[in-house]
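The values are calculated or read from the model by the stated rules, or taken from the named source; none is laboratory data. Just so it is clear, the model here is predicted, and its values are computed rather than measured. When we count neighbours, we look across all protein chains shown, and the Cβ atoms used for this are built from the backbone with ideal geometry, even at glycine. With ligands, DNA and RNA removed, areas are computed over all heavy atoms of the protein, side chains included. Shrake-Rupley method; radii C 1.70, N 1.55, O 1.52, S 1.80 Å.
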Amino acid sequence: MTDVAHVGARLNSLFDPGFTPADRVLMDAKGVTPTPGLLPEAPAVKIRNGRELQRQSQTDASFTEAGFFAEHSFVLLDHASNVQNWNSDPEVPPQDTDIARIYYPEIATIIRERLLPGYRLEIPQVPYLLRRGPETPNPFYGTVVHQDYGLSADDYEENVAAYGTDEHARAWRKQYDRDEVAGFLVINFWRTVYMNEPLRHMPLTICDPYSVEPDDVLSTGLLNFTPTGRPSNQLGMRYNPDQRWYYYPAMTTGEVLAFKNFQCWKDEPPTLRTCFHSAFDEPDPPEHPSERQSCEYRIGVYFLND
């Protein structure tokens, strides 16, 4: 396959290739304490056009969305949702929101029929999602290269406790430890909402994990970020020009980007198969692009033994 078109952009919080910490690197989310090992200047990175990558793949008669997702850990899907209200309303019980009533069934169908057909799956319902953009609880965009959950089941369990409670973490581990469970995957469904034009402001870039060398991966955690005050359990990345970054220019509200947030298998050693990602400044945007309004819906999937 030939190379695809690309743009040059700078990505924040990439680590020096020679940085070798003795332990997990803790990053202060408030930016008060500097993080050791980060490159002093965000390096320029080649970010390839994901649309072109998919178009090239579709010339093969054997192309499927599921196959592309398996090969790259991400895929852009056509999907016009029937959701009208993407925002949380404290007056509405979680089970009665558009996210629970409409979006969860839509996404569960996508997972079973388009991303992971042929697998025995268990997909617990998630009644909420994360919104970003002006006048949302998260008005700032994540302009830091990161992976959210680590590599192992222990990493994920620790994160559940940091963002929730020890009880939540034990409940997840009890489900995962069942004999019928072979593995666990978190898929992030990322899309724009409430926008009348294609996205040209702070798009998302994702890294193909199969282009990341094991030595490029660092254990990191965020301080002053979780509701419990505990550090999160995440991954950081050493800069390597051979890493393949992609984005999907001009995404519309009729599309959703699915990418792997976390994955672990009981019969395999912890291995990166999930996507580092970051928002970035797209080069040469329109003079006054509409500010990004987006959401991400993270949903866990248990793989069951046949």
note = In the set LEU121, LEU115, the lone residue that is under 22 Å from SER73 (Cβ atoms), of a type in the set (A, V, I, L, M), at pLDDT 95 or above and more than 17 Å from the chain's Cα centre (by Cα) is LEU121
message = Let me spell it out: the conditions are (1) surrounded by fewer than 21 Cβ atoms within 10 Å (Cβ to Cβ); (2) closer than 20 Å to ASN138 by Cα; (3) at pLDDT 95 or above, and PHE225 meets all of them except one. Which number is the exception?
response = (3)
query = So which residues in the stretch 266-281 are open to solvent by 10 Å² or more (accessible area, probe 1.4 Å) and hydroxyl-bearing (Ser, Thr, Tyr), if there are any at all?
reply = THR271
task = Take the stretch 176-222 and flag every residue that is open to solvent by less than 10 Å² (accessible area, probe 1.4 Å), out of contact with any Phe, Trp or Tyr (no Cβ under 6 Å at 6 or more places or on another chain) and small (Gly, Ala, Ser).
result = GLY221
inquiry  = Name the single residue that is farthest from the chain's Cα centre (by Cα) among those in the stretch 193-210 being within 24 Å of TYR104 (Cα to Cα) and assigned to a strand (DSSP E or B).
reply    = LEU204
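Residue-wise test of (1) open to solvent by 70 Å² or more (accessible area, probe 1.4 Å); (2) closer than 20 Å to VAL217 by Cβ; (3) assigned to a loop (DSSP other than H, G, I, E, B).
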| position | (1), (2), (3) |
| --- | --- |
| VAL7 | no, no, no |
| GLY18 | no, yes, yes |
| VAL32 | yes, no, yes |
| SER57 | no, no, no |
| ALA70 | no, no, no |
| ILE99 | no, no, no |
inquiry  = Looking only at helices (runs of 4 or more DSSP H) that lie completely in the stretch 104-192, which have at least 1 residues being of a type in the set (Ser, Thr, Tyr) and within 30 Å of TYR239 (Cα to Cα)?
reply    = 153-163
ask   = In the stretch 132-151, which residue that is within 21 Å of THR228 (Cα to Cα) and in contact (Cβ under 8 Å) with a residue 60 or more places away in the chain is surrounded by the most Cβ atoms within 10 Å (Cβ to Cβ)?
value = GLY150
